[in-house]
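My questions all concern the structure below.
The values are calculated or read from the model by the stated rules, or taken from the named source; none is laboratory data. Just so it is clear, the model here is predicted, and its values are computed rather than measured. Backbone-built Cβ (ideal geometry, glycine too); neighbour counts: all protein chains shown.
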Amino acid sequence: MILFLYGNDDFRSSEKLAEIKNEFLEKDSLGAGLAVFDFEEGAKESDVADVLSSGGLFSSKKLIIVKNILVDGKTDEQTNILEILDKKGSIGNDEDLVLVFWAKGMPRKNGKLFKFISSIGKSEIFEKLSGVALEKWIFGKVEKMGGKISAKAVGKLIAYAGDDLF
């Protein structure tokens, strides 16, 4: 299965990525099937290929997270990743593999890798929240953490912080 998380709301997309990772680690407490590659920090596409092609020694399930290839990755890196995915074949239907592409911000939608991932994966776009949607998110977040907040306090919070959820 391929998941694609991106958008201008880096906070909520990061939260979603952490949620996916934590759910996986609940089932694989050793983290043997987890691999994270951040192209902003110098990850190499050959490392992604190695993990995709290797069998799991301690875990049959894999979670592979590929970060920032679509925004910070060079065109040749994106082409190489596309070729790797092409060679792997039915990666979108592999129930033992979850491949998550996470992008900070909005990637170029006309890129070949973007189009490929969007066509076979499940995409979730995180747009910046504003107005009523932002208020609902704040109320929900505070409630989830076991707290309560007044509408007046939410209004002040938005006035001071705006739509920056960090």
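For the list (1) part of a helix (DSSP H, G or I); (2) crowded, with 19+ Cβ neighbours inside 10 Å; (3) among the aliphatic types (A, V, I, L, M); (4) modelled with pLDDT of 90 or more, I need the number of the one condition that Leu85 fails.
So the condition that Leu85 fails would be (4).
Now for a different question. Going through segment 6-30 one residue at a time, which ones are surrounded by fewer than 14 Cβ atoms within 10 Å (Cβ to Cβ) and modelled with pLDDT under 90?
Lys27, Ser29, Leu30
Oh, and also: Out of the residues in segment 112-166 that are basic (Lys, Arg) and closer than 16 Å to Leu5 by Cα, state the one that is surrounded by the most Cβ atoms within 10 Å (Cβ to Cβ).
Just the residues of segment 112-166 that are basic (Lys, Arg), to begin with: 112, 115, 122, 128, 136, 141, 144, 148, 152, 156.
Subsequent filtering for residues that are closer than 16 Å to Leu5 by Cα retains 115, 122, 128.
Working: Lys115: 12, Lys122: 12, Lys128: 16.
Result: Lys128.
In addition: When segment 106-132 is examined, which residues are found to be closer than 18 Å to Asp10 by Cβ and among the aromatic types (Phe, Trp, Tyr)?
The answer is Phe114, Phe126.
Next question, about the same structure. Given the options Lys148, Lys109, Lys128, name the one that is part of a loop (DSSP other than H, G, I, E, B), touching a residue at least 60 places away in the same chain (Cβ under 8 Å) and basic (Lys, Arg).
Details: Lys148 fails: touching a residue at least 60 places away in the same chain (Cβ under 8 Å); Lys109 fails: touching a residue at least 60 places away in the same chain (Cβ under 8 Å).
The match here is Lys128.
For segment 75-89, indicate whether the set of residues that are within 16 Å of the chain's Cα centre (by Cα), assigned by TED's automatic domain parsing to the domain that holds Arg12 and not basic (Lys, Arg) is non-empty.
Step one: filter segment 75-89 for residues within 16 Å of the chain's Cα centre (by Cα), giving none.
Scanning segment 75-89 turns up no residue that is within 16 Å of the chain's Cα centre (by Cα), assigned by TED's automatic domain parsing to the domain that holds Arg12 and not basic (Lys, Arg).
Of all residues in segment 46-63 being over 14 Å from Lys88 (Cα atoms) and within 20 Å of the chain's Cα centre (by Cα), which is modelled with the highest pLDDT?
Of the residues in segment 46-63, the ones over 14 Å from Lys88 (Cα atoms) are 47, 56-63.
Of the ones still in play, those that are also within 20 Å of the chain's Cα centre (by Cα) are 47, 61-63.
On the way: Asp47: 90, Lys61: 86, Lys62: 89, Leu63: 93.
Step by step, filter segment 46-63, then rank; the result is Leu63.
What is the number of the single condition among (1) farther than 23 Å from Asp163 by Cα; (2) touching a residue at least 40 places away in the same chain (Cβ under 8 Å) that Tyr6 does not meet?
Single failed check for Tyr6: (1).
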